[in-house]
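Engineer: Can you keep this structure in mind? I'll have questions shortly.
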Amino acid sequence: MANQSSRYPILCASFNQDNSGFAISTKDGFKIIDSNTGRLCYDRAVGAFIIVEMLYSSSLLAIVGAGEQPSLSPRRLCLFNTTTGAPLREMTFLTSILAVRLNRKRLVVVLQEKTYIYDSNSLSMLDTIDTVPNLKGLCAFSPSLEGCFLALPASTAKGAVLVYNVMELQLHCEIDAHRSPLAAIALSSNGKYIATASEQGTIIRVHLVSEATKSYSFRRGTCPSTIFSLSFAPSLQLPDILVATSSSGSVHIFSLGFETNQRTKMSGSFLGSILPYSVNDALDPAHHHVLHNAVSAGVRSYAVVRKVDKVADSSSYEIASCRAIISLIAYNGYFQEYTFTLNSQNESTWSLEREFNLVAVISGNAETS
């Protein structure tokens, strides 16, 4: 996720495919940091970069310069080896690179009106996708080889999403998600669900990718807000929660796993019997949990769900509570980690576990403030 404004010290930030590490870039260079400990794993001060993407915890990085010096052109993708400190391969494009995604089999390069699919090992080009103008490089990618999908905007007039099967190299479906153009997209790590938000930022929708059908609609708020990030919890099946950050400075969590249980309870009520589930979801705030003022309003932020633990009731063996670790990067230079706890009565608590200055991170563990 690149910063469209240079007024903050962080130019770009990205977590790796399992959220065990993350990369940030400043005007001076980029850093790789361990999510669990805050330890600086790699630091290279060679200039500004607008894209730094990791391949899990390997030594391979995909990096794109910010163009502030000739050797760091925004049209050049460098596959970089952190062990040797040298480029493995460089690829130059006709226009600026807006996003890069990768897993162990595929490399995706997003330009304004074209997206290229490569074999990650041979770097041979496999396909080219012509897209609508995608000025922000908006995209989502599921790294699982069993459900490896790429999502791109399909329209500039409305919130339509093109879902492409990256392994089979074919269009999977197109989803009309919103009336307004898209602002954020996220795919679950297993490729089964896709979450979207429009430029209005009031409704978050979740679709089942296999059938291109809407599964959930959540109301973030009534006032328009820019959604900076969407991220599912890691899961082999239905993710338990979806986290979003917005220009209001709040962090939003939408519970999906618990929401399924609540649907069963609501279906027996009078309101539940006359309203369809999609309407219930948008009206019922019980599945929406907000941490206000996590960052200053207007500051770009990026949050992921790193881990989810479930606690079962010893008597009924039903899930009694859900505990999640939320990591957040604010582009004003800070990392925060929260523990979010949700019980079966939809009562939630937030606890700030640690916070540190990303720009000041040096070798050794980060200091918690």
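The values are calculated or read from the model by the stated rules, or taken from the named source; none is laboratory data. Only a predicted model underlies this, so the values are computations on that prediction, with no experimental measurement involved. Positions of Cβ are backbone-derived with ideal geometry, glycine not excepted, and every protein chain shown enters the neighbour counts. Areas reflect the complete protein model, heavy atoms only, side chains present, ligands, DNA and RNA absent. Shrake-Rupley method; radii C 1.70, N 1.55, O 1.52, S 1.80 Å.
Engineer: Is there a quick way to get the dipole size of region 173-218? I mean about its Cα centre, with the Cβ of Lys and Arg at +1 and of Asp and Glu at -1; what is the value in debye to the nearest 20?
Structural biologist: Dipole size: approximately 120 debye.
Engineer: Can you tell me the accessible area per residue over region 31-115, all protein chains present, probe 1.4 angstrom, in square angstrom?
Structural biologist: With all protein chains present, region 31-115 gives 44 Å² per residue.
Engineer: May I pose another question? Ranked from highest to lowest mean number of other Cβ atoms within 10 Å per residue, what is the order of the peptides 231-241, 85-95?
Structural biologist: Per-residue mean Cβ counts within 10 Å order the peptides as 231-241, 85-95.
Engineer: Per residue of region 342-350, in order, report the coupling 6.51 cos²θ - 1.76 cosθ + 1.60 (Karplus, θ = phi - 60°) as ³J(HN,Hα) in whole Hz, putting x for Gly and Pro.
Structural biologist: 10, 9, 5, 8, 6, 8, 10, 9, 10
Engineer: Follow-up. Return one whole number: the accessible area per residue of region 119-224 in Å², for a 1.4 Å probe.
Structural biologist: 42
Engineer: Tell me, what HN-Hα J-couplings in whole Hz come from the Karplus equation 6.51 cos²θ - 1.76 cosθ + 1.60 at θ = phi - 60° for each residue of region 201-209, using x for Gly and Pro?
Structural biologist: Once rounded to whole Hz, the list reads x, 8, 10, 9, 10, 10, 10, 7, 5.
Engineer: Within straight cross-link reach of LYS105, meaning Cα distance under 23 Å, which lysines are found once same-chain residues fewer than 8 apart are removed?
Structural biologist: Cross-link targets: LYS114, LYS192.
Engineer: For region 134-245, with only Lys/Arg (+1) and Asp/Glu (-1) charged at the beta-carbon, what is the dipole magnitude about the Cα centre, in debye rounded to 20?
Structural biologist: So the magnitude is around 400 debye.
Engineer: Size of the dipole of the chain about the Cα centre, Lys and Arg at +1 and Asp and Glu at -1 on the beta carbon, nothing else charged, in debye to 20? Show your work: numbers first, answer last.
Structural biologist: Details: 29 positive and 29 negative charges, 97 e Å.
Charge dipole, the chain, about its Cα centre: 460 debye, nearest 20.
Engineer: Using θ = phi - 60° and the Karplus relation 6.51 cos²θ - 1.76 cosθ + 1.60, list the HN-Hα couplings for region 155-167 in order, rounded to whole Hz, with x at every Gly or Pro.
Structural biologist: Here the 3J(HN,Hα) series is 7, 9, 9, 9, x, 9, 10, 9, 10, 10, 7, 6, 7 Hz.
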